[in-house]
1. One residue is enough: does the range B:83-92 have a residue meeting the conditions more than 14 Å from chain A (Cβ to nearest Cβ) and either surrounded by fewer than 24 Cβ atoms within 10 Å (Cβ to Cβ) or touching a His at 6+ places or on another chain (Cβ under 7 Å) (or both)?
2. Of the residues B:434, B:425, B:392, only one is buried (at least 23 other Cβ atoms within 10 Å of the Cβ), among the aromatic types (Phe, Trp, Tyr) and closer than 24 Å to residue B:290 by Cα; which?
3. Which members of the range B:148-174 meet the condition of being more than 7 Å from chain A (Cβ to nearest Cβ) and among the β-branched types (Val, Ile, Thr)?
4. Out of all the residues in the range B:152-169, which are without any contact (Cβ under 8 Å) to a residue 24 or more places away in the chain and touching a Ser or Thr at 6+ places or on another chain (Cβ under 9 Å)?
5. I'd like to check something: does the range B:175-187 contain any residue that is surrounded by fewer than 24 Cβ atoms within 10 Å (Cβ to Cβ), touching an Asp or Glu at 6+ places or on another chain (Cβ under 8 Å), among the polar types (S, T, N, Q) and within 14 Å of another protein chain (Cβ to nearest Cβ)?
6. Criterion first (within 30 Å of residue B:362 (Cα to Cα), within 17 Å of the chain's Cα centre (by Cα) and surrounded by 24 or more Cβ atoms within 10 Å (Cβ to Cβ)) does residue B:327 satisfy it?
7. List the number of the failed condition for residue B:290; all other conditions in (1) in a helix (DSSP H, G or I); (2) farther than 20 Å from residue B:88 by Cβ; (3) within 14 Å of another protein chain (Cβ to nearest Cβ); (4) among the aliphatic types (A, V, I, L, M) hold.
8. If I go through the range B:202-214 residue by residue, how many of them are closer than 27 Å to residue B:497 by Cβ and either modelled with pLDDT of 90 or more or hydroxyl-bearing (Ser, Thr, Tyr) (or both)?
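The values are calculated or read from the model by the stated rules, or taken from the named source; none is laboratory data. Bear in mind the structure is a predicted one, so any value in this text is a computation, not a measurement. A quick note on method: Cβ atoms are made from the backbone with ideal geometry, for glycine too, and the neighbour counts reach across all protein chains shown.
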Amino acid sequence: MIIYLLCLMLFCCGLYCILRKRNIIKIILGIIIAEYAVNLFFILVAYRMEGRSPILSSEVEIVNMVDPLPQALVLTSIVIGLATTALLVALAMRIYEKYGTFDITKIKELKG
Amino acid sequence: MAMSNIIPLFVAISLLGAFIISIIGKRLKWLPDLIGSLTTLILLVLSLITVRIVATQGILVYNVGSWKLPIGIVLVLDGLTVFMLVTVNLIAFFVSIYSINYMERFTSKWKFYTLFLLMMAGMNGVVVTGDMFNLFVFLEIASVASYALVAFGTERHELEAAFKYTVMSTVGTLFILLGIVFLYSYTSTLNMADMANVLAQKGMSNIVVMVSILFIVGFGLKAALVPFHAWLPDAHPSAPAPISAMLSGVLIKSLGIYTLCRVFYNVIGINSSLSLVLMVLGTLSMVIGVFLAIGQWDFKRLLAYHSISQIGYVILGIGLGTPLGIIGGLFHLFNHSVFKALLFLNSGAVEYATGTRDLQKMGGLMTKMPITGTTTLIASMSIAGIPPFNGFWSKLIIIIAAVQANRLGYAFWAVLASILTLASFMKVMKYAFFGELRNKWSEVMEVPFFMKIAMVILALICVVGGVLFISNINEIFLKPASDVLLEGTKYADIVFKGIQ
């Protein structure tokens with residue numbers, strides 16, 4: 001149980017970082033942390049206590065095996081996260097070129 | 001050849017187009033225009049063919065990699081899917097024609113078309129898929145392409161808006177993924193039809209409530225419903241005009257509204273509290289969106305706020321849950337795609353000719369740009385709900401449905417929002433197109449040919465759009481789409497029995 005709570009805390013750390021931080025780079029880090037928390041949670045959902053790896057063999061009877069599907073799905077989700085992060089970092093670089101700062105309180109020309 | 005082989009083509013053709021353009025588009029200057037328009041034309045024709053297939057043969061199911069139904073990924077073609085495919089590909093075709101001239105102002109047109117077709121692949125994929133995780137993947141393909149397209153101008157405002165949009169939308173995606181994880185752990189399946197069966201057997205529980213909340217936040221962020229709307233008025237005006245038309249016209253609908261409908265009606269199953277949440281969110285968006293829109297002086301920003309307001313109408317209609325309400329909501333979804341895409345193209349035409357988006361600096365452009373002026377007038381009357389145009393009929397149906405369902409309060413707000421919409425578009429017409437022509441604009445020219453033709457055809461669809469509700473056309477286009485939502489979680493049985 002405790003491990004799920006820790007996972008939730010990690011997610012909340014990420015969200016806090018996104019909502020409260022003023023530096024663009026820290027916001028990006030927040031997104032990465034929250035993303036990892038979700039991925040970790042997905043793996044935890046698949047985990048079985050004292051489970052074995054899900055490989056079919058004729059000798060051993062399969063009783064308690066780890067669910068293999070989420071592991072494949074998490075790989076996909078990590079790759080998607082990579083694409084988003086790369087794009088965000090590229091945007092952050094361009095923003096720094098134009099505004100000369102990473103502080104979002106100074107980057108707000110759009111409003112209304 | 002099995003009929004269902006047509007389904008994966010919607011994703012494959014757009015990906016192929018993006019691939020070809022990205023490889024050789026840089027060297028051959030004329031190629032991106034040609035491939036872009038050709039791809040979207042093929043997709044439009046294919047989607048019109050599917051209308052006929054579904055009307056005559058029923059639901060088609062395609063098994064990816066020949067894995068049988070509950071195990072592998074399936075692509076499903078039913079009434080609602082067909083409806084969304086036609087909407088998405090129709091707008092995309094006219095937008096790509098329009099971009100031939102408009103995008104001359106930007107360098108590296110081939111990058112634009114590559115991202116545009118990737119976004120199309122994502123949107124078509126979201127609409128055809130019948131698998132929960134697959135939906136998430138296509139959602140991200142479309143979203144990531146749209147982040148890059150919002151930042152396409154790479155000026156100060158574009159970058160700022162794109163950053164805001166990316167952060168908000170990524171948070172939405174995280175909530176959606178978390179919801180999918182919970183659903184998977186509860187049902188041990190990812191197939192939507194199978195999931196609906198398992199959920200129906202297990203009944204409601206706290207996990208389902210939690211998943212519903214996560215999905216409302218996640219898809220609500222994608223659809224820009226009111227508490228989650230802050231990114232839209234920045235992101236949509238900052239993109240180049242054809243992309244604004246795509247984002248407001250179809251992206252928020254296929255990524256937000258379609259997914260909301262599909263998940264809540266066909267997988268989780270609608271109930272009275274969910275329907276109440278949808279109606280309240282819809283009404284809030286409708287009223288707050290229009291109030292924020294009235295005070296705007298930036299043409300595109302005003303249109304972006306109206307998108308929030310019109311999305312509210314769609315959600316209100318669908319949330320009512322009555323047959324008439326759902327038809328009204330879907331009808332308004334189609335109509336809004338057409339007239340909002342047209343209005344954004346018009347704003348792009350004005351910007352193309354004069355170089356400004358500020359309504360206070362325009363004036364009297366009707367004499368210099370008669371076609372842009374007339375099409376804007378038609379689209380404005382459509383969005384404000386003036387009788388012969390399409391917007392009137394769908395708003396009327398939603399309001400009648402609300403009255404029939406004895407929700408007089410919601411009907412009142414819908415009427416009020418409609419009047420305020422009329423007021424704000426009278427402002428647009430008065431400041432931009434009527435009145436004295438300023439000396440500054442005496443040299444202004446009408447926009448080039450391809451931009452004109454796209455705007456004129458969309459305006460024609462606005463004029464004749466009401467036809468869709470005539471019984472024959474309604475039978476094959478709108479009715480099957482609303483039936484899919486009305487049958488609720490019976491969707492599962494229908495998919496399992498579908499033609500493979």
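1. Yes, the range B:83-92 contains a residue that is more than 14 Å from chain A (Cβ to nearest Cβ) and either surrounded by fewer than 24 Cβ atoms within 10 Å (Cβ to Cβ) or touching a His at 6+ places or on another chain (Cβ under 7 Å) (or both).
2. Exactly one residue qualifies, and that residue is B:425.
3. Hits for the range B:148-174 are B:150, B:173.
4. B:155, B:159, B:166
5. yes
6. No; evaluated as a whole, the condition is false for this residue.
7. Going through the list (1) in a helix (DSSP H, G or I); (2) farther than 20 Å from residue B:88 by Cβ; (3) within 14 Å of another protein chain (Cβ to nearest Cβ); (4) among the aliphatic types (A, V, I, L, M), residue B:290 breaks only (3).
8. So the answer is 2.
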